[in-house]
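What follows is one structure encoded as structure tokens, with my remarks underneath.
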Amino acid sequence: MIFYRHISHVSKHELITFMQEHEGEGEADPRVVSYLQNGHAFVSIMEAPYRDVIDGEYICSAQLMTDGRWIWHSDYSFYVEKYSLEVPEKFLRHMAQCDWSPSNRPPSMKWYRYQAMAFAKIRSFFG
């Protein structure tokens, strides 16, 4: 499991600093934004909307997304598209190897159970 850092749980100042340090070159690649938007929902929390940390704009419902290998928060595509947030090179290579499209088939139930156990361990570590 590869988990990309969630940015909605940081202060506005921390986010601005993070975005300045990880700002990409130019506009976001539409293939990357589409890939992030079209992952499979892994966990959904409808009562917890994600809002832009900068201006409070509603982004989307809170979900964890996956392509069967990587996991990211559903608002990640928003920050990549709107603020040109950098995407890790390893993740970009993986997207390219998948022909810029998450798997047409969602991961198996065995995969979901494994990820749920791993996620529970991560949450317990951070208490």
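Laboratory data are not the source of any read-out in this text; all were calculated from the coordinates shown. Note that the structure is a prediction, hence the values are computed from the model and not measured. In this analysis, Cβ positions are derived from the backbone assuming ideal geometry, glycine residues included, and neighbour counts consider all displayed protein chains.
Structure notes:
- Distance (nanometres) between label positions extended 7 Å along Cα→Cβ at GLN97 and GLU14: 3.1
- By the beta-carbon count within 10 Å of each Cβ, the least crowded to most crowded order of ASP29, ASP75, fewest first, is ASP29, ASP75.
- Cβ charges +1 (Lys, Arg) and -1 (Asp, Glu), total dipole of segment 40-80, debye: 200
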